[in-house]
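Visitor: Got a structure here, written out as structure tokens. Questions coming.
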Amino acid sequence: MSQLIVRGGRRLEGETEIQGAKNSVLPILAATLLTAGQVELRGCPRLRDVDASVRILEGLGCTARWEGADVLVVDTQNLSGCAISEALMREMRSSAIFLGAILARCGEAELSYPGGCELGPRPIDLHLSGLRDLGAEIDDAGGVLHGRAPRLQGREIVLSLPSVGATENLMLAACGASGVTTITGAAQEPEILDLQNFLSACGAKVSGAGTSTVSVEGGRPLRGCTYTVMPDRIVAATYLCAAASAGGEVFLRRAREEHLSTVTAVLREAGCAIRSDGRGIACVCRERPNAVHPVRTAPYPGFPTDAQAILMAALLRCRGAAMFEENMFENRYRHVGELARMGAGIQVSGRTAVVTGVKRLHGAPVRCTDLRGGAALCVAALAAEGETEISETGHIARGYEDIARDLRNLGAYAAWAGE
Ligand code: EPZ
């Protein structure tokens, strides 16, 4: 993936449309296996992780084709396998989400253990214990998961942690179980509600998504449908933070403030004027943000861990200091060293990072360390004097269709090298 060149020091002005949500479309693509039919996904973002999911579906004997810029048509009628290759599992850590759907559809599944990622170990113990509760036999010796589930039986499952992926995996497996499954301690992210809405459009009876208790009445035949994916709240948060970083006035079409109210609350405290209606979110920011109260990441409806790096980047020139506490992942400050190369003042101690606002940032050659850390470098570069060359941009491509295009729509100078 080529380098991204960003020239900072200019206020933003413009509007852009927010793409479909990566963290919604990935479980929905797994859920298509439950329908044995054709699904038309509108507002589907063209991302590396979506491409990886399509390859997994094709490896299972399904077909997928793009129709127009953002419509993906998936047909799982001719599913012919239940195994995902090691290579495909390595491409995308969240491919564990396919386990529940494959077990529900095929009664057996074989996947290699999903690797950890840049953020640290990514255990799936809650996924496996919940699937075993539903009657699946899962042997996880030797790094390969062999699952057998001739008959899944609905029951109550209690999650000790509100894991997004475990909640989604169990919702999908429960659709193939007989009887009612209740997931207590479920994650409440908006993407869970989007998955419920998709499953309902396919004929499933799912309720409670968005609360800590999700119920699924399993054993119902599911059919294909047409569904529009919700807008990506973290991409929207990224561009709001871009405006806070460089100053300016932006409008984000399709963005829904109710999905990122903890982020807009902090940006309002930083001095941004934010208005939202059914069409999107408007944000007007001054040249330098105010300091804000401590930001602690937590499961939804708390402050989203995925927005931690990008908000940090927006506050590098704040008038004072800003403290962050990263409670969701062990290794989610890897962007700090790269931001320091641009003149940022950040001290990290364990889960805590303290940003001391500086007057000026300067462009520098920097490297993406992970998906949201890479987006944070773009946000910081918009406020830096001079040019920033961002490499290892493949990380960004996992979650952003074309961050350079979107930033240019907002009035920034951002271009892929050689463009
Ligand atoms: C989803 O990951 C998102 N990914 C992540 O977004 C997001 O950061 C995360 O939820 C938290 O909101 C997708 O939806 C594809 P979790 P997921 O299971 O499901 C622990 C991005 O940048 N845990 O809610 O993997 C885990 O270690 C990505 O778009 C267990 O201990 O997150 C973590 O500390 C990054 N055992 C915490 O729970 C398990 O079985 C939250 O993980 C599962 C999770």
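Since every read-out is calculated from the coordinates, none of them should be taken as a lab result. Just so it is clear, the structure is predicted and the values come from calculations on it, not from any experiment. For neighbour counting, all protein chains shown are included, and Cβ atoms are generated from backbone atoms with ideal geometry for every residue, glycine included.
Visitor: Return a whole-number percent for the relative contact order of the chain, with Cα pairs under 8 Å and 6 or more residues apart as the contact set. Walk me through the numbers on the way to the answer.
Guide: On the way: 1071 pairs, mean separation 87.6, N = 419.
Over the chain, the number comes to 21 percent.
Visitor: Just check the stretch 19-101 against the gyration tensor rule for me: Cα atoms, a ≥ b ≥ c as the square roots of the eigenvalues, rounded for a/c under 1.5, and otherwise prolate or oblate depending on whether a/b exceeds b/c. Please report the intermediate quantities before stating the final value.
Guide: On the way: a/c = 1.68, a/b = 1.18, b/c = 1.43.
Cα axes put the stretch 19-101 in the oblate bin.
Visitor: Here is a further query. Highest first, please rank the peptides 208-218, 313-323 by the mean number of other Cβ atoms sitting within 10 Å of their residues. Each step should come with its number before you reach the end.
Guide: On the way: 208-218: 19.7, 313-323: 22.5.
Going by the mean number of other Cβ atoms within 10 Å, highest first, we get 313-323, 208-218.
Visitor: Hey, how many Å between the Cα centroid of the stretch 326-386 and the Cα centroid of the stretch 234-273?
Guide: Taking the Cα centre of the stretch 234-273 as reference, the centre of the stretch 326-386 is 18 Å away.
Visitor: Figure the gain on full extension for residue 354 and residue 279 (residue separation times 0.36 nm, minus the Cα-Cα span) and round it to one decimal in nm. Show your work: numbers first, answer last.
Guide: On the way: separation 75, 0.36 × 75 = 27.00 nm, distance 3.54 nm.
Full extension of this stretch gives 23.5 nm more.
Visitor: In addition: State, as an integer percentage, the relative contact order of the stretch 102-159 based on alpha-carbon contacts under 8 Å between residues 6 or more apart. Walk me through the numbers on the way to the answer.
Guide: Values: 73 pairs, mean separation 24.4, N = 58.
RCO, the stretch 102-159: 42 percent.
Visitor: If you don't mind, there's one more thing I want to ask. Which value at 222 nm does the chain reach when only helices count, each DSSP H run of 4 or more adding -39,500 (n - 2.57), with the total divided by all residues and rounded to the nearest 500 deg cm²/dmol?
Guide: Numbers: 14 runs with 127 residues, N = 419.
Value at 222 nm, helices only, nearest 500: -8500 deg cm²/dmol.
Visitor: Rounded to the nearest 20 debye, what is the charge dipole size of the chain about its Cα centre when +1 sits on each Lys and Arg Cβ and -1 on each Asp and Glu Cβ?
Guide: Working: 43 positive and 47 negative charges, 186 e Å.
Dipole of the chain, to the nearest 20 debye: 900 debye.
Visitor: Moving on. What residue among 9, 131, 64 has its Cα farthest toward the positive end of the dipole of the chain, where the charges are +1 on Lys, Arg and -1 on Asp, Glu, each on the Cβ?
Guide: 9
Visitor: If you don't mind, there's one more thing I want to ask. Output the DSSP H helices from the chain with an along-axis C-alpha extent of no less than 15 Å and a mean Kyte-Doolittle hydropathy no less than 0.5.
Guide: Details: long enough: 48-59 (16 Å, -0.18); 164-175 (17 Å, 1.12); 190-201 (17 Å, 0.34); 233-246 (20 Å, 1.32); 371-381 (16 Å, 1.47).
What comes out of the filter, once short or polar helices are dropped, is 164-175, 233-246, 371-381.
Visitor: Now for a different question. Give, as a single signed number, the net charge of other residues whose beta carbon lies under 11 Å from the beta carbon of residue 119, with Lys and Arg counted +1 and Asp and Glu -1.
Guide: Its environment carries a net charge of 0.
Visitor: Let me ask another. Let me spell out the model: positive unit charges on the Cβ of Lys and Arg, negative unit charges on the Cβ of Asp and Glu, origin at the Cα centre of the stretch 48-89. What dipole size does that give, in debye rounded to 20?
Guide: Details: 3 positive and 7 negative charges, 16 e Å.
Dipole of the stretch 48-89, to the nearest 20 debye: 80 debye.
Visitor: Right, another one. Based on the alpha-carbon gyration tensor of the stretch 160-246 and its eigenvalue square roots a ≥ b ≥ c, which shape applies: rounded if a/c is under 1.5, prolate if not and a/b is larger than b/c, or oblate?
Guide: Values: a/c = 3.63, a/b = 1.77, b/c = 2.05.
In terms of gyration-tensor shape, oblate.
Visitor: Give the order of 395, 293, 259 when sorted by the count of other beta carbons within 10 angstrom, beginning with the fewest. Kindly include the intermediate steps, with their values, before the conclusion.
Guide: Values: 395 22, 293 10, 259 26.
Final ranking by Cβ density, sparse to dense: 293, 395, 259.
Visitor: Let me make sure I get this right: for the stretch 70-153, a, b and c are the square roots of the gyration tensor eigenvalues over alpha carbons, sorted descending. Under 1.5 in a/c it's rounded, otherwise prolate if a/b > b/c, else oblate. Which is it? Before the final figure, lay out the partial values.
Guide: Numbers: a/c = 1.68, a/b = 1.03, b/c = 1.64.
Judged from the Cα gyration tensor, the stretch 70-153 comes out oblate (a/c at least 1.5, b/c at or above a/b).
Visitor: Below 8 Å between Cα atoms, with a sequence gap of 6+, how large is the relative contact order for the stretch 315-410 in percent? Can you show the working numbers first?
Guide: Numbers: 158 pairs, mean separation 25.3, N = 96.
With pairs under 8 Å counted, the relative contact order is 26 percent.
Visitor: I'd like the distance between the alpha-carbon centres of the stretch 1-63 and the stretch 387-413, rounded to an integer number of Å.
Guide: When both Cα centres are located, 16 Å separates them.
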